[in-house]
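> Pasting in a structure now, in structure tokens, and then I'll have a few things to ask.
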Amino acid sequence: MTIKVASYNMRKSIGTDRRRRPERTLAVLAEIDADLIALQEADRRFGARAAVLTDNLLGDHGAWKAIPFGIRQRSSGWHGNSLLVRADAQVLDCEAIHLPALEPRGAVMADVRVRGQVIRVVGMHLDLSGLWRRRQAHAIIAHLAASMHQYPTVLMGDLNEWSSGSGCLRDFASHFDFAETGKSFHARKPVARLDRIMASRDLKFAEAGVHDSAASRTASDHLPVWATVQPA
């Protein structure tokens, strides 16, 4: 059974026109139509750090629900990282992964039964510093390795890595395979593959790409990336 996953740095729903329009973000997600979605910059930056895509907005759309991590009352995730799953998916477990960081960074993890399969999904937004990115990659890898239960795993997010295969990419590649998605930043003229999707080796990628549409080019400064995965 094939599962579609996607990762999107939604920039708090502030588009390239500098206007905050959550409905535009939802329109982009509807175009992708993924089963599992990792969002970065999903919460407002200041104050209560409230979710931009509120439960009411998601409920009106009807396709997805946000996994509740319970870190902040009005937040949908952890340090802006949020996971959306199909409304009929069963969430078996979820937790925040605390990362070493100078600036507020984090990762979130959930075990989800979707389309009859249990899959582990990790969403992340890594540091601007290469040294801290590598430390964060090591923390995520170690956290997964120490987990009592092991499941086929997909990792997604904005890795902030401009190199083609060094730094944290090399660290992750020792354990996971990368989807051939493509350049996702900047949305108006993509020049870098900052957004990545990886999978454990009991999964394989069937298809992958960057979602480039009229809506996605204006909804954020990143384009979403997506992939379909199936058992290896």
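The values are calculated or read from the model by the stated rules, or taken from the named source; none is laboratory data. It should be emphasised that the depicted structure is a prediction, and the values quoted were computed from it without experimental measurement. Methodologically, a virtual Cβ is constructed for each residue, glycine included, from the backbone with ideal geometry; neighbour enumeration extends over all protein chains shown. We work out accessible area using only protein heavy atoms, side chains counted, and drop any ligands, DNA or RNA first. Shrake-Rupley method; radii C 1.70, N 1.55, O 1.52, S 1.80 Å.
> Just to confirm my numbers, what's the Cα centroid distance between the stretch 2-35 and the stretch 92-163 in Å?
Here the two parts' Cα centres lie 20 Å apart.
> Might you tell me the accessible area per residue for the stretch 166-225, computed with a 1.4 Å probe and given in Å²?
Value for the stretch 166-225: 43 Å² per residue.
> State whether the stretch 1-139 is rounded, prolate or oblate according to the following rule on the C-alpha gyration tensor (a ≥ b ≥ c being the square roots of its eigenvalues): a/c under 1.5 gives rounded; otherwise a/b larger than b/c gives prolate, and the remaining case gives oblate.
Because a/c hits 1.5 or more and a/b fails to exceed b/c, the stretch 1-139 counts as oblate.
> Additional query: With each run of n ≥ 4 DSSP H residues scored as -39500 (n - 2.57), what mean residue ellipticity at 222 nm is computed for the chain after dividing by its residue count and rounding to the nearest 500 deg cm²/dmol?
Roughly -5500 deg cm²/dmol at 222 nm, from the helical runs in the chain.
> Given a 1.4 angstrom probe, what's the average accessible area per residue across the stretch 1-132, in square angstrom? Write out the running numbers ahead of the final one.
Working: 5920 Å² over 132 residues.
Each residue of the stretch 1-132 exposes 45 Å² on average to a 1.4 Å probe.
> Ignoring ligands, DNA and RNA, what percent of the accessible area of the stretch 1-134 is carbon or sulfur (1.4 Å)?
46
> With the chain treated as a Gaussian network of Cα nodes joined by springs under 10 Å, which of 200, 174, 166 yields the largest mean-square fluctuation?
174
> May I pose another question? For residue 97, which sequence-distant residues (separation of 5 or more, or a different chain) have an amide H within less than 5 Å of its own amide H, given hydrogens modelled in the peptide plane?
107, 108, 109
> Taking square-rooted eigenvalues a ≥ b ≥ c of the alpha carbon gyration tensor, is the stretch 120-208 rounded, prolate or oblate, where a/c under 1.5 means rounded and, failing that, a/b exceeding b/c means prolate?
Since a/c reaches 1.5 but b/c is at least a/b, the shape of the stretch 120-208 is classed as oblate.
> Is the shape of the chain best called rounded, prolate or oblate, per the rule: a/c under 1.5 gives rounded, else a/b larger than b/c gives prolate, else oblate, with a ≥ b ≥ c the square roots of the Cα gyration tensor eigenvalues?
Values: a/c = 1.22, a/b = 1.13, b/c = 1.08.
Rounded.
> Taking amide H positions as placed 1.01 Å from N in the peptide plane, with prolines and chain starts having none, which residues 5 or more places from residue 64, or on another chain, fall under 5 Å of its amide H?
Close amide H contacts, sequence-distant or interchain: 87.
> Now for a different question. Need one value: the accessible area of residue 93 in square angstrom, 1.4 angstrom probe, rounded to the nearest 10.
90
> Please list, in order, the residues from the stretch 192-220 whose amide nitrogen is less than 16 Å from a point placed 7 Å along the Cα→Cβ vector of residue 145.
200-201
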